[in-house]
Amino acid sequence: MIKAILVFNNHGKPRLSKFYQYFNEDMQQQIIKETFQLVSKRDDNVCNFLEGGSLIGGSDYKLIYRHYATLYFVFCVDSSESELGILDLIQVFVETLDKCFENVCELDLIFHVDKVHYILNELVMGGMVLETNMTEILTRIEDQNKLEKQEVSSIL
């Protein structure tokens, strides 16, 4: 099961955080800080899996991450999840963001946080993977965009 999804920049500023297990706000901030310290120290040519930090559960949990340009995408999962499956899920998430925002960048995550959460909710809900087919996800996003446009035109 996925316990948390974190996206932060090269300086450790969180750009997206979604916890599927309850942690109070202070604990969430400590987890983000510890995760950034663990992931950012690693070279780009090493494995993208490492044991979870002491705050998020220790050795039963894994941090699976990808580093794209200025952003780290980190999924904290328990031992029941496949590392390679989560790496593929990160790739699908990033490619979907790329298609929706035409070359996604850090500012897209800041200014369109609602759309980013919508995309993430199409992929993962309650810590369980729902959909990995990018075509299906993009269809749902297009449907949502059409509904929003209809709503706006009916108000005007």
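The values are calculated or read from the model by the stated rules, or taken from the named source; none is laboratory data. None of these values were measured; they are calculated from a predicted model. Note that we place each Cβ from the backbone using ideal geometry, even for glycine, and neighbour counts take in every protein chain shown. SASA here: full protein model, heavy atoms, side chains in, ligands and nucleic acids out. Shrake-Rupley method; radii C 1.70, N 1.55, O 1.52, S 1.80 Å.
When the chain is modelled as a GNM with alpha-carbon springs shorter than 10 Å, which of Glu81, Glu122, Glu142 fluctuates the most? Of Glu81, Glu122, Glu142, the Gaussian network model singles out Glu142 as fluctuating most. Ranking Thr132, Thr139 by solvent-accessible area of protein heavy atoms (1.4 Å probe, all protein chains present), from largest to smallest, gives Thr132, Thr139.
How much of the accessible area of the chain, probe 1.4 Å, is carbon plus sulfur, in whole percent? The partial results should precede the final answer.
Details: 4380 of 8760 Å².
Ligands and nucleic acids excluded, carbon and sulfur give 50 percent.
Among Gly12, Gly126, Gly85, the largest mean-square fluctuation in a Gaussian network model of the chain, built with springs joining Cα atoms closer than 10 Å, belongs to Gly85.
When only Cα pairs below 8 angstrom with a gap of at least 6 residues are kept, region 82-156 shows a relative contact order of 27 percent. Below 18 Å, Cα to Cα, which aspartates and glutamates can Lys115 reach? Residues fewer than 8 away in the same chain don't count. Straight-distance partners of Lys115: Glu95, Asp98, Glu102, Glu106, Glu131, Glu136, Glu142, Asp143, Glu148, Glu151.
Sort Cys76, Cys105, Cys100 from largest to smallest accessible area, using a 1.4 Å probe on the heavy atoms of the protein chains. Can you show the working numbers first?
Values: Cys76 5, Cys105 55, Cys100 30 Å².
From most accessible down to least: Cys105, Cys100, Cys76.
Based on protein heavy atoms only, region 74-135 ends up with 50 Å² per residue of surface accessible to a 1.4 Å probe. Distance between the pseudo-spin-label points of Gln91 and Met125 (7 Å out from Cα toward the beta carbon): 2.6 nm.
Solvent-accessible area of His11, all protein chains in place: 150 Å² (probe radius 1.4 Å, heavy atoms, ligands and nucleic acids excluded).
Please arrange Asp60, Asp78, Asp44 by accessible surface area, largest first, computed with a 1.4 Å probe and ligands excluded.
Working: Asp60 70, Asp78 25, Asp44 130 Å².
Descending accessible area places them as Asp44, Asp60, Asp78.
Taking all Cα pairs closer than 8 Å and separated by 6 or more residues, the relative contact order of the chain comes to 22 percent. For the chain, the mean residue ellipticity at 222 nm estimated from helices alone is -15500 deg cm²/dmol, where every DSSP H run of n ≥ 4 contributes -39500 (n - 2.57) and the total is divided by all residues, rounded to the nearest 500. Under 5 Å from the amide H of Ala4 lie the amide H atoms of Tyr20, Cys76, each residue being 5 or more positions distant or on a separate chain, with H modelled from the backbone and absent for Pro and chain starts.
Computed over the chain with a Gaussian network model linking Cα atoms closer than 10 Å, the most mobile of Lys62, Lys146, Lys13 is Lys146.
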